[in-house]
Ligand code: NDP
């Protein structure tokens, strides 16, 4: 039995709180802490009385997080606040010797750039504190890294290429909205594309490379090459890899809206002067757009996220597609959230469960593909994210 301290009461935090309560044979005490209490109260009201405790914290402030940890003494801290808070929370975990898990890599609020460097640099401090830090335990990063490790363990002697394929075919009925935090989402999508080949990163213009991929249970969709954070760790950990790319689906209307907002400067991250006030355009845009949490009851359709790996097994070429399909309405019925938050929050809870059970253990900072994929894949099947593997023609 373990105490779980969740930080961040957004779309993903809601799913994590619900799923931890569903796993209360593992997590006997669950605390949800966030910047403002309102969201925490909303989530608490959806759950059985007494199953979730709530409080506030400013997770940009390491000392506040240390005080929070000391108050509850959790067996695990699940960080589902924003990527900006990762380092402050990791430092609080080091100071208190508390196991740590997150779903997104650190991003500096003023730099629109995300990378593992500063988190990996804390490996020695995690080792010294004798604790485990699990990085990127969402879907992508997260389940996709585990799919790669699973392919490597069971299907290949060598993997040569990986394409990660992320399709959200959900329809929320709004002309334009983002499925998770708009600032994080739009910064990711409007950035230059990048993939890795023959030991080098190759940069592309935003949305320069497109392929149509036929997603099982969804159908063919335009899929655009983006940079995505899990590639940074996978190129280190998958043996023999020659190329890795990441593709995400976007409809034409989404892209036209985004281009227009970008052209008028609404995606800017530098403050601009407006009637004597400083405003950051993308933060103001966030205020105007629908709250991702409000999309839950209106979203219909499915997500399909997976990986296609090609390589060699016993000297023969092989191509494998591992994917997971989730229905948005099914997610809402279960945890009052749409599929994007669901597919992120459930892997966070699975990672936390494996850590507190000691099934995934270690000292230092880990990416998902460094751990045995089998128990995670088994948990996905029972926690609401069943997956498929198909053998494809090479
Ligand atoms: P939201 O914006 O919906 O929620 C973020 C929450 O964090 C909000 O409740 C917010 O509080 C809280 N928060 C923000 N700043 C602080 C702070 N300084 N101290 C305490 N709490 C704070 O985001 P999501 O739930 O959509 O995303 C959560 C995380 O999951 C993000 O890091 C995101 O990048 C990641 N993610 C990962 C994916 C994956 O597959 N790996 C996919 C999707 C998301 P308030 O309510 O006051 O604003």
Among DSSP bridges having both ends in the chain, what percentage is antiparallel? Round to the nearest 5.
60
Under the classification rounded if a/c is under 1.5, otherwise prolate if a/b is larger than b/c and oblate if not, where does the chain fall, given a ≥ b ≥ c as square roots of the Cα gyration tensor eigenvalues?
rounded
Descending packing, highest mean Cβ count within 10 Å first, for 85-97, 58-70 is 85-97, 58-70
As a check on your grasp of the helix formula, calculate [θ] at 222 nm for the chain: sum -39500 (n - 2.57) over DSSP H runs of n ≥ 4, divide by the residue count, round to the nearest 500.
-10500 deg cm²/dmol
Given a Förster distance of 25 Å, the FRET efficiency implied by the Cβ-Cβ spacing of residue 313 and residue 390, rounded to the nearest 0.05, works out to 0.95
Just grab the label-to-label distance for residue 242 and residue 61, each label 7 Å out from Cα along the Cβ direction, in nm (one decimal).
5.5
May I ask for the distance between the Cα centers of region 171-192 and region 262-310, given as a whole number of Å?
4
Region 1-158 - share of DSSP beta bridges that are antiparallel (%, nearest 5)
5
Packing-wise, with mean Cβ within 10 Å as the measure, how do 33-39, 362-368 rank, highest first?
362-368, 33-39
Note down the nm distance, to one decimal, between modelled labels 7 Å out along Cα→Cβ at residue 254 and at residue 374.
3.7
Listed with the fewest Cβ neighbours within 10 Å leading, 77, 289, 267 appear as 289, 267, 77
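For a quick protection proxy, order the peptides 195-203, 113-121 by their average other-Cβ count within 10 Å, most packed first.
113-121, 195-203
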Between region 337-391 and region 59-94, how far is it from one alpha carbon centroid to the other, in angstrom?
21
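Every number here is computed from the coordinates shown, using simple stated rules; none is lab data. Predicted model, so just to flag it, every value in this text is computed and none were measured. All Cβ positions, glycine included, derive from the backbone under ideal geometry; neighbour counts span all protein chains shown.
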